[in-house]
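The values are calculated or read from the model by the stated rules, or taken from the named source; none is laboratory data. Owing to the predicted nature of the structure, the values given are computational and were not obtained by experimental measurement. Cβ sites come from the backbone with ideal geometry, for glycine too, and all protein chains shown count toward neighbours.
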Amino acid sequence: MAAVAKSGEAHAAPGAAWTVVLVVLWYTSSMLAITTSKLTMEAAKVPLMLCSAQFLSAALISGGTLALQGLRPGLPGGEAKVLAGIAVTYTLGFFFTNLAFSLAHASFVETVKSGEPISTVVLAYALLGELEASATYASLLPVVVGVGMASSGEAGGSFAAFAATVGSNFGFSARAVFAKQLKRDHPESLPAVSDVGLFWHISVLGLLALLPLAVLSEGAALRAAFDSAGFQPARFVSVVLLNGIMYTGYNQFSFMVLSRVSTATHAVLNVCRRVCVIGVTTLFFGTPLSLLNGIGVGIAVLGMFWFTHAKTSSLQKKQA
């Protein structure tokens with residue numbers, strides 16, 4: 001029996017080590033994606049162009065991944081309507097995120113994005129009629145208070161930046177609601193059984209919708225930026241290319257981590273990821289952070305942990 005146990009531990013150790021590697025890659029690619037998004041928006045305020053570049057990278061890389069797996073995405077069938085809803089809300093989520101980066105500090109945007117559980121609860125009730133336990137609702141209070149404290153003073157942003165970030169929260173929350181509907185109503189479809197397949201579909205649909213709009217509305221602004229004195233075209237293009245790869249990577253690594261750990265563990269890891277992102281972007285961009293701002297970030301993070309715990313406990317009780 002001892003030999004069997006040791007054998008099991010030996011097999012489990014490499015698996016655990018690989019999970020740690022994936023988490024490190026997820027965190028690193030996330031921090032690089034967000035940092036390069038902010039750098040791009042500082043050089044030229046073209047959020048639609050940046051989204052288009054991100055979706056192009058995601059479509060190419062996820063398409064290649066599907067090909068290596070021997071899967072052919074093809075055109076959507078009966079799930080097309082729900083898939084379109086996911087693509088639209090996902091696209092809006094990233095557009096508003098990039099817009100917020102053009103209007104405020106990256107740390108401010110990421111702190112306000114920690115309020116995403118609020119929009120998730122609101123939309124789950126409005127669209128699916130889902131009610132939460134009282135502890136889940138209570139956990140949202142410190143998130144609201146913390147975000148408010150962290151957003152005050154010089155570290156904060158304008159109302160437009162706050163509104164754009166809240167818009168991104170609702171976009172991503174709506175995407176999660178539609179994704180749940182996809183798995184419920186079309187469980188056999190490729191986007192429902194493969195996260196990479198879903199990522200490919202929403203990236204292609206988002207690119208088709210955004211690229212013409214980006215060229216029409218931001219083409220002149222991008223040309224003006226390239227023609228301006230002091231602009232570095234090679235550096236700008238390099239940052240955008242790196243951003244696209246890191247954007248794709250952090251989404252793919254997130255899916256890979258989720259496939260190896262429980263949903264609750266992934267949620268906690270995601271909270272920790274956001275803490276790391278806030279810290280790194282604050283240091284990298286030299287964002288002034290007062291004691292009140294720091295306490296606010298801490299309260300918001302604790303609220304996120306409480307929300308994750310309350311949500312997980314509620315699900316476990318329902319399944320019992």
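Residues checked against (1) at pLDDT below 90; (2) under 18 Å from Ser194 (Cα atoms):
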residue: Ala16; (1), (2): yes, no
residue: Lys38; (1), (2): no, no
residue: Ala59; (1), (2): no, yes
residue: Ala67; (1), (2): no, yes
residue: Val82; (1), (2): yes, yes
residue: Thr89; (1), (2): no, no
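Listed by first and then second residue, the pairs with beta-carbon distance under 6 Å, at least 6 apart or on different chains, first residue in the range 50-68 and free of Cβ contacts under 8 Å to residues at least 40 places away in the same chain, second assigned to a helix (DSSP H, G or I) and charged (D, E, K, R), form an empty list. From the list Val177, Val166, Val193, the lone residue that is out of contact with any Asp or Glu (no Cβ under 8 Å at 6 or more places or on another chain), among the β-branched types (Val, Ile, Thr) and under 17 Å from Gly85 (Cβ atoms) is Val177. Out of everything in the range 262-320 that is within 13 Å of Ala150 (Cβ to Cβ) and not in a helix (DSSP H, G or I), what residue ends up being farthest from the chain's Cα centre (by Cα)? Among those residues, the one meeting the criterion is Ser290. Residues in the range 185-227 that are small (Gly, Ala, Ser) and outside any helix (DSSP H, G or I): Ser189, Ser194. Restricting the range 66-88 to residues that are in contact with a Phe, Trp or Tyr (Cβ under 8 Å, 6 or more places away or on another chain) and surrounded by fewer than 23 Cβ atoms within 10 Å (Cβ to Cβ), the residue that is nearest to Met41 (Cα to Cα) is Gly85. When you go through Val143, Val166 one by one, which is the residue that is buried (at least 21 other Cβ atoms within 10 Å of the Cβ), under 25 Å from Ala126 (Cα atoms) and at pLDDT 85 or above? Exactly one residue qualifies, and that residue is Val143. Checking each residue in the range 71-102 for being in contact with a Ser or Thr (Cβ under 6 Å, 6 or more places away or on another chain) and outside any helix (DSSP H, G or I) picks out only Glu79. Considering each residue of the range 32-43 in turn, at least one proves to be among the β-branched types (Val, Ile, Thr), part of a helix (DSSP H, G or I), farther than 30 Å from Asp185 by Cα and out of contact with any Leu (no Cβ under 7 Å at 6 or more places or on another chain). When the residues of the range 19-44 are filtered to those that are closer than 12 Å to Ser254 by Cα and small (Gly, Ala, Ser), the one that is nearest to the chain's Cα centre (by Cα) is Ser30. A single entry from Glu110, Glu130 fulfils the requirement of being charged (D, E, K, R) and under 22 Å from Ser290 (Cβ atoms): Glu110.
Yes/no matrix, rows are residues, columns are (1) of a type in the set (Gly, Ala, Ser); (2) under 30 Å from Pro288 (Cβ atoms); (3) not in a helix (DSSP H, G or I):
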residue	(1), (2), (3)
Ser119	yes, yes, no
Val122	no, no, no
Val147	no, yes, no
Ala163	yes, yes, no
Asn169	no, yes, no
Lys183	no, no, no
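Residue pairs whose Cβ atoms lie under 9 Å apart, sitting 6 or more positions apart in sequence or on different chains, and linking a residue in the range 215-231 that is more than 11 Å from Ala43 (Cβ to Cβ) to a partner that is hydroxyl-bearing (Ser, Thr, Tyr), are Val215/Ser52. Scanning the range 242-267 for residues that are free of Cβ contacts under 8 Å to residues at least 60 places away in the same chain and surrounded by fewer than 17 Cβ atoms within 10 Å (Cβ to Cβ) yields Ser262, Thr263, Ala264, Thr265. Considering only residues that are aliphatic (A, V, I, L, M) and in a helix (DSSP H, G or I), look in the range 124-138 and name the one that is modelled with the lowest pLDDT. The qualifying residue modelled with the lowest pLDDT is Leu128. Only residues that are surrounded by fewer than 21 Cβ atoms within 10 Å (Cβ to Cβ), of a type in the set (S, T, N, Q) and under 20 Å from Ala214 (Cα atoms) were counted across the range 15-63, and they come to 0.
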